[in-house]
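Nothing in this text is a laboratory measurement; each read-out follows from the coordinates by a stated rule. Since the structure is predicted, the reported quantities are computational estimates derived from the model, not experimental observations. For neighbour counting, all protein chains shown are included, and Cβ atoms are generated from backbone atoms with ideal geometry for every residue, glycine included.
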């Protein structure tokens, strides 16, 4: 009997050691390498944060780290590279919001046994670039707005929820970046080769 208990304990120990350990998924973050730098014909870059976080529902950006405003600031600091001898480039962040709303569930019996979508995450970014080059007398005003949204299932863990929020922020940033790049390249004299 004793031998059986020792043998059973050894098998349990060895089977526990042979279990594969899965890595926990990582929360995505802003990566400089995802965005090619743009050389701008200006001496300095100024970032103005005109978006004030409301701090109440349905706005949730004050509870998220990093929040969309910080992500836009990192993007601008690492992508819009002043490379001229004069002039100023100003990025005015007009909106950087995260709205999380509950999705109404159907009150049916079959709905109780399915994994329904519980929340909707919507990220909106809006900003304006003002460019002034006093030597040549050139100026430019560029606007960009981007929205991205996703939904989260009832069964999502807190980590999966955080991942979905950051993925939605990065998706909105990608659209924001694309719109600014298009407008910057269309404005003569702003981007340097």
**Fill in**
Between residue 154 and residue 182, the FRET efficiency computed from the C-beta separation at R0 = 41 Å comes out, to the nearest 0.05, as 0.60
**Prompt:** Nearest 10 degrees, 0 to 90: what angle lies between the long axis of helix 68-79 and the longest principal axis of the chain (Cα atoms)?
**Reply:** 60
**Asked** Which order do 70, 86, 146, 65 fall in if you start with the one that has the fewest other Cβ atoms within 10 Å?
**Response** 65, 86, 70, 146
**Asked** Any idea what the relative contact order of the chain is, in percent, if you count C-alpha pairs under 8 Å spaced at least 6 apart?
**Response** 22
**Request:** Note the listed values [x] 19.9; [y] 21.8; [z] 19.4, then indicate which one is Kirkwood radius over Cα pairs in Å calculated from this particular structure.
**Result:** [x]
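How many percent of DSSP beta bridges within the chain run antiparallel, rounded to 5? Let's see the in-between values first.
On the way: 32 of 41 bridges.
Given both bridge residues lie in the chain, the antiparallel proportion sits at roughly 80 percent.
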**Message:** If I build a Gaussian network model for the chain, linking alpha-carbon pairs within less than 10 angstrom, which residue out of 61, 160, 24 has the largest mean-square fluctuation?
**Reply:** 24
**Message:** What do you get for the angle between helix 158-186 and the principal long axis of the chain? Use alpha-carbon atoms, 0 to 90 degrees, nearest ten.
**Reply:** 20
**Degrees separating the helix 2-17 axis from the principal Cα axis of the chain, which is the longest one** = 10
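If each DSSP helix of 4+ residues adds -39,500 (n - 2.57) and the sum is divided by the residues in the chain, what number results at 222 nm, nearest 500 deg cm²/dmol? All intermediate terms of the calculation are to be shown ahead of the outcome.
Values: 3 runs with 57 residues, N = 193.
So the calculated ellipticity at 222 nm is -10000 deg cm²/dmol.
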**Prompt:** Using a Gaussian network for the chain with springs between C-alpha atoms less than 10 Å apart, which of these wobbles most: 124, 154, 167?
**Reply:** 154
**Asked** In what order do 180, 141, 161 fall by count of nearby beta-carbon atoms within 10 Å, going from fewest to most?
**Response** 141, 161, 180
